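Accompanying notes for the structure given below.
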Amino acid sequence: MANIYTKHLRWENILVDVYEKQAENRDQFTSEEVETLIEVGALLSSDLRVEELVEILMEQAALLVGAETGLLWLAGEQRQMTPMASYGLDGDAVGLLLKQFASNIDSVTVRGKPIVVTTGSREGSGLLENVGYALNYTVSSMVLLPLVSKGSRLGCLQLINKPDGSQFGNRDLRLCATFASQVAVIIDNRILFDKQEKLMISLIRALSSALDARDPYTKGHSERVSQLALLIAEKIEMEQEQQELLQQAALLHDVGKIGIRDSVLLDTGPLDEEKWQIMKSHPVIGAQIIQQIQPKSVMEKIYDGVMYHQEKYDGSGYPCGLRGKEIPLVARIIAIADAFDAITSDRPYRKGKSPREALEEIRKCAGKHFDPQLAEVFLAIMSR
């Protein structure tokens with residue numbers, strides 16, 4: 001946390017220097033404008049998704065120059081332009097703009113140069129009429145700013161009309177261009193991060209499948225645990241992002257067993273004390289494995305579920321002997337789902353118990369092995 005905070009302060013100080021120098025050499029950006037630019041730059045360290053980021057950036061852009069409405073367009077995989085965020089527009093208007101204006105946006109993006117379009121400009125009448133037709137009102141002024149980062153054309157920022165009827169000028173264009181350069185970097189970084197995240201999820205499923213292939217007696221166990229854990233998460237109204245992280249942690253909760261030798265992992269009988277101690281090392285091994293996977297900022301959020309899912313509410317679990325609420329919520333949820341699936345699954349040395357018997361066992365262990373409140377939630381879900 002300290003490193004993130006320090007990085008944020010350093011980035012903010014750099015932005016202050018940059019924008020103050022720009023203010024000296026141009027038409028004097030106001031202190032409010034500089035402050036807005038700094039706030040936007042700070043989003044570089046944000047972990048918001050692209051969809052959330054573009055909504056914030058679109059609103060900030062419109063407020064920065066006093067635009068009445070606006071759109072933030074992003075290029076898709078086939079280079080087609082799609083409106084990803086809007087300000088002051090309803091869905092119908094956005095749809096009409098997509099139909100009427102996407103080719104113009106694509107042209108501006110390809111040219112890579114920001115422009116101000118007014119009724120008196122060379123490009124003016126046609127472009128403004130197209131936009132006005134879609135919006136069903138007169139458009140007198142518009143700013144179009146290509147979003148370019150590292151040579152890649154990411155999209156375009158479109159700002160439309162000033163409420164007081166005045167037109168956008170060169171000062172607005174310079175201010176917006178400064179803003180757009182930051183927006184492009186932020187979006188580019190976030191798109192790259194999202195690609196890493198998708199790759200990470202594929203890797204998680206591959207690791208889970210590898211474990212299933214190694215130990216056929218637990219095939220499908222991690223997938224079932226993830227689904228059961230999500231039932232609990234939904235019932236307690238866990239935030240959607242946290243549910244996704246829980247699902248990934250549940251898929252990986254036993255990944256450390258990859259590091260357990262076959263003579264222990266595939267033993268067809270109850271484990272003796274020596275083998276049991278080896279088996280108990282799997283949460284630590286799993287935590288070490290996921291610490292090597294990128295992006296680390298996401299894997300750190302999965303860490304708790306992998307490391308602590310064998311902890312027990314009364315402190316008798318492993319590897320750390322945590323008790324009660326010392327055990328992270330994600331691990332407390334996985335512990336219940338893991339136990340239910342383990343109890344109901346066949347093993348070489350025993351037949352799996354019925355769901356009714358498994359639920360009774362969880363009921364008996366509530367407050368001892370399991371969080372009593374979460375156990376009650378799970379029992380209610382499974383008893384329906």
Can you sort Val377, Val225 by how many other beta carbons sit within 10 Å, fewest first?
Val377, Val225
For Lys113, give me every one of the lysines with a C-alpha distance below 26 angstrom, ignoring sequence neighbours fewer than eight places off in its own chain.
Lys21, Lys99, Lys150, Lys162
Each label point is 7 Å from the Cα along the Cα-to-Cβ direction; what then is the distance between the points at Glu273 and Arg111, in nm?
8.2
Tally Lys and Arg at +1 and Asp and Glu at -1 over the other residues with C-beta under 12 Å from the C-beta of Tyr87: what net charge comes out?
-4
The answer for trypsin sites (Lys or Arg not before Pro) in the range 257-308 that fall in a DSSP coil and have at most 13 neighbouring Cβ atoms within 10 Å is Arg261
If contacts are Cα pairs under 8 angstrom and at least 6 residues apart, what is the relative contact order of the range 215-383 in percent?
23
To the nearest 0.05, how large is the calculated FRET efficiency for Arg171 and Ser202 if R₀ is 51 Å and r is the Cβ-Cβ distance?
0.60
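Fewest to most neighbouring Cβ within 10 Å: what's the order for Phe340, Phe378, Phe193?
If I rank by nearby Cβ atoms, fewest first, I get Phe193, Phe340, Phe378.
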Sorted by mean Cβ packing within 10 Å, highest first, what order do the peptides 321-327, 168-174, 229-235 take?
229-235, 168-174, 321-327
Setting aside same-chain residues fewer than 8 positions from Lys351, which lysines have a Cα under 17 Å from its Cα?
Lys219
Which length gain, in nm to one decimal place, applies between Asp92 and Asp188 when the Cα-Cα distance is subtracted from 0.36 nm times their residue separation?
31.7 nm
Points 7 angstrom from Cα along the Cβ direction at Thr118 and Ser263: gap in nanometres?
8.5
With label points built 7 Å along Cα→Cβ from the Cα atoms of Gln373 and Cys320, find their separation and express it in nm.
2.0
So for the range 215-383, taking the charge dipole from beta-carbon charges (+1 Lys/Arg, -1 Asp/Glu), which of Pro270, His282, Ala380 sits furthest toward the positive end?
Pro270
Between beta-carbons, use under 15 Å as the cut-off and find the net charge around Asp267, counting Lys and Arg +1, Asp and Glu -1.
+2
Sorted by Cβ density within 10 Å, fewest first, the residues Asp346, Asp314:
Asp346, Asp314
Taking a cut-off of 23 Å between Cα atoms, list the lysines near Lys296, but don't count ones fewer than 8 places away on the same chain.
Lys7, Lys195, Lys198, Lys257
Give me the net charge of Ala213's neighbourhood, meaning all other residues with Cβ under 14 Å from the Cβ of Ala213; Lys, Arg count +1, Asp, Glu -1.
-1
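Laboratory data are not the source of any read-out in this text; all were calculated from the coordinates shown. All figures in this text were calculated on a predicted structure; none of them were measured in a lab. Cβ: placed from backbone, ideal geometry, glycine included. Neighbour counts: every protein chain shown.
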